[in-house]
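Visitor: Below you will find the structure I want to go over with you.
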Amino acid sequence: MSSLRSITLATLAKDIRLEWRSKDAINSMLFFSLLVVVIFSFSFDPNAEESRQIAGGLIWVAFLFAAVVALNQTWARELRNQVLDAYRVSPAPANALFTAKVLGNFFLVSLLEALMAPLFMIFYNLRALGPAWQLIPVALLGTWALVVNGTFFAAMSLRTRSREIMLPLLLFPISIPAVQSMVEATRIILSGDGAARFWIVLLLTYDVVFTTACLALFETVLQAE
Amino acid sequence: MNSIKFLYAAYIATWLIHALYLGTMVRRYSRLRQQKKNLGTGGK
Amino acid sequence: MKRVFPILAVLTGLLLAYAFYEAIWVAPMERTMGDVQRIFYYHVPSAWTAFLLFFVNLIASVIYLIRKNAKADAVAVVSAEVGVVFCTVVLVTGPIWARPVWGIWWTWDLRLTTTLVLWLIYVSYLMLRRFSDSSQTPKLAAVLAIFGALDVPLVYFSIWFFRTQHPQPVIGGGGSIDPRMLHVLLINWLAFSCFAFLLSWARYRLEWLQREVEEAQALESLLGDGLAAPTRAPLDKTSSRTGPQ
């Protein structure tokens, strides 16, 4: 059990170190996220009352696109350097690699969201009428939902033609209940109209179900490449 | 009643979809048959 | 075996014709919707058939993951494809029915929306199979099928709750059904199930034929052509037959 944790942490630390040194992916993704916010703001310019109703949807769709951009490069480095082959023959549990990747993506996407959210608040003059603190579990659980499945499907897409488009093709349908939960919860919290509890619980259920599924089946996918 | 047109549309659409699928199957089948025949005589 | 198929095809054709007759002429007219309601006899059986096929896909996928049985994989492909066809019928007939009855093409009707998501999941399944070049594609597809199956209850709940917050019309009515209508519904379901079985059987044979041909082609390019293998077409007809005939 401790080897699982140490491998996970080691892989995660390596990824963060590499990313920090080159800052390639981060910079382009940050700029992409900014562009998405601006374009959305041009396209949907609602008044204050409407914006509270639709902002949830807009924000999460923007996050979804930013997440796909981030997820697409998840395994790129590993592919370039044949790391996956090394992993396949090593006794290290596949889950350690997967967990490290998911955590790395989670931090990355959360960083993007932390940048985009204040911008949305500014452009749409958003102010939560409901319990604003609830937005935190929604953001955490929602991001995890996208990232855990996204990392898994990114691995599945490795040996496909049009790898970059395959990821969203696989991810979006499966993510529908999660996205609906995130959007509805955000809408309810912003407009103060009812309780977001059901959606938060559904998000939690989604996360538990799919994290388990990913952990159980990642070995199969890794070997299958 | 105008809505009867929708009834026709639905039934026609159903069989159209099934016919299209059958059509693709027939086309693939004949193409595979052709390829199988070519196998013995020098490959495609 | 080869003779059974045409016989079954004729029987199914007759059954479908009979079911059609029942749906259009025999079934009683619905009080509020009129004749348009008869779409119900095509819409609902197609949905049940599609769900059954997707369930078969799930079972076949799990069996494949456990046993690595090629037949299970073939069944998985077939049931996914035919399932998508029937699912398409549901998604097309649903709005055609909704428009005259409710005046709008789409409502986030629970069953129709769940069907839409299932359709999306299985189309992505078929895309994975088509775009994946790996020899391990069946395994990846099987994993995706399991993910899809896990997703369905979550989809159902999220739409159900969404609708309690945003009340919308229900397509296809709920509640109890006139026993005469139920009778016609079941006949159509039987007819479409037989039709689905025939389609699946034909598709299954097609799948095996394809695998046979692909294997033979691969073998031929390995043994017969040697150097010309990548192009698979001999540059010069006389130089290609150097190996065993």
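Visitor: Condition first: surrounded by 23 or more Cβ atoms within 10 Å (Cβ to Cβ) and facing chain C (nearest Cβ under 9 Å). Now tell me which residues in the stretch A:181-201 satisfy that.
Guide: The answer is A:Ser181, A:Glu184, A:Ile188, A:Trp199.
Visitor: Hey, among C:Thr88, C:Thr113, which residue is on the phi < 0 side of the Ramachandran plot and more than 11 Å from chain B (Cβ to nearest Cβ)?
Guide: Details: C:Thr88 fails: more than 11 Å from chain B (Cβ to nearest Cβ).
The match here is C:Thr113.
Visitor: Hey, another quick one. If I go through the stretch B:1-29 residue by residue, how many of them are at pLDDT below 95, more than 7 Å from chain C (Cβ to nearest Cβ) and part of a helix (DSSP H, G or I)?
Guide: The qualifying residues number 2.
Visitor: Looking at the structure I just gave you, is A:Ala96 at pLDDT 90 or above, part of a helix (DSSP H, G or I) and small (Gly, Ala, Ser)? Talk me through it step by step, then tell me what you get.
Guide: Working: at pLDDT 90 or above: no; part of a helix (DSSP H, G or I): yes; small (Gly, Ala, Ser): yes.
Spelling it out, it is not the case that A:Ala96 is at pLDDT 90 or above, part of a helix (DSSP H, G or I) and small (Gly, Ala, Ser).
Visitor: Working only within the stretch C:31-40, note down all residues that are more than 10 Å from chain B (Cβ to nearest Cβ) and closer than 17 Å to B:Phe6 by Cβ.
Guide: Taking the stretch C:31-40 as the starting set, the residues that turn out to be more than 10 Å from chain B (Cβ to nearest Cβ) are C:31-32.
Hit for the stretch C:31-40 is C:Thr32, nothing else.
Visitor: Could you tell me which numbered condition A:Leu34 fails, if it satisfies all but one of (1) surrounded by 15 or more Cβ atoms within 10 Å (Cβ to Cβ); (2) within 18 Å of the chain's Cα centre (by Cα); (3) modelled with pLDDT under 85?
Guide: If we test A:Leu34 against (1) surrounded by 15 or more Cβ atoms within 10 Å (Cβ to Cβ); (2) within 18 Å of the chain's Cα centre (by Cα); (3) modelled with pLDDT under 85, just (3) comes out false.
Visitor: Now for a separate question. Going residue by residue through the stretch C:82-90, is there one that turns out to be modelled with pLDDT of 95 or more, buried (at least 22 other Cβ atoms within 10 Å of the Cβ) and not hydrophobic (A, V, I, L, M, F, W, C)?
Guide: Looking for residues that are modelled with pLDDT of 95 or more, buried (at least 22 other Cβ atoms within 10 Å of the Cβ) and not hydrophobic (A, V, I, L, M, F, W, C), one finds at least one in the stretch C:82-90, hence yes.
Visitor: Let me ask something else about it. Determine which single condition C:Ala74 fails, assuming it passes every other condition in (1) over 29 Å from B:Lys5 (Cβ atoms); (2) within 13 Å of the chain's Cα centre (by Cα); (3) among the hydrophobic types (A, V, I, L, M, F, W, C).
Guide: Looking at each condition in turn, C:Ala74 falls short on (2).
Visitor: Among the residues that make up the stretch C:15-30, is at least one of them away from every other protein chain (no Cβ under 11 Å), part of a helix (DSSP H, G or I), surrounded by 23 or more Cβ atoms within 10 Å (Cβ to Cβ) and not hydroxyl-bearing (Ser, Thr, Tyr)?
Guide: Yes, the stretch C:15-30 has at least one match.
Visitor: Check whether at least one residue in the stretch C:133-156 is under 30 Å from C:Thr32 (Cβ atoms), outside any helix (DSSP H, G or I) and more than 16 Å from the chain's Cα centre (by Cα), and report yes or no. Steps first, please.
Guide: Here is the first cut: in the stretch C:133-156, the residues under 30 Å from C:Thr32 (Cβ atoms) are C:155-156.
Now narrow it down to the ones that are outside any helix (DSSP H, G or I): none.
No, that holds for no residue.
Visitor: Conditions first: (1) of a type in the set (Lys, Arg); (2) within 24 Å of A:Val209 (Cβ to Cβ); (3) not in a helix (DSSP H, G or I). A:Lys101 passes all but one, so which condition is the exception?
Guide: Going through (1) of a type in the set (Lys, Arg); (2) within 24 Å of A:Val209 (Cβ to Cβ); (3) not in a helix (DSSP H, G or I) one by one, A:Lys101 breaks only (3).
Visitor: Answer with yes or no whether A:Asn105 is in contact with a helix residue (DSSP H, G or I) (Cβ under 8 Å, 6 or more places away or on another chain), within 14 Å of chain C (Cβ to nearest Cβ) and under 18 Å from A:Ser175 (Cβ atoms). Walk me through how you get there before you give the answer.
Guide: Working: in contact with a helix residue (DSSP H, G or I) (Cβ under 8 Å, 6 or more places away or on another chain): yes; within 14 Å of chain C (Cβ to nearest Cβ): no; under 18 Å from A:Ser175 (Cβ atoms): yes.
Against the criterion (in contact with a helix residue (DSSP H, G or I) (Cβ under 8 Å, 6 or more places away or on another chain), within 14 Å of chain C (Cβ to nearest Cβ) and under 18 Å from A:Ser175 (Cβ atoms)), A:Asn105 does not qualify.
Visitor: Which count do you get for residues in the stretch A:52-88 that are on the phi > 0 side of the Ramachandran plot and touching a Leu at 6+ places or on another chain (Cβ under 6 Å)? Quick ask: steps written out before the conclusion?
Guide: Here is the first cut: in the stretch A:52-88, the residues on the phi > 0 side of the Ramachandran plot are A:82.
Next, from what is left, pick out any that are touching a Leu at 6+ places or on another chain (Cβ under 6 Å): none.
Adding up the residues that qualify gives 0.
The values are calculated or read from the model by the stated rules, or taken from the named source; none is laboratory data. Predicted, not measured: the structure shown is a model, and the values here were computed from it. Glycine gets a Cβ as well: all are built from the backbone with ideal geometry, and neighbour counts include every protein chain shown.
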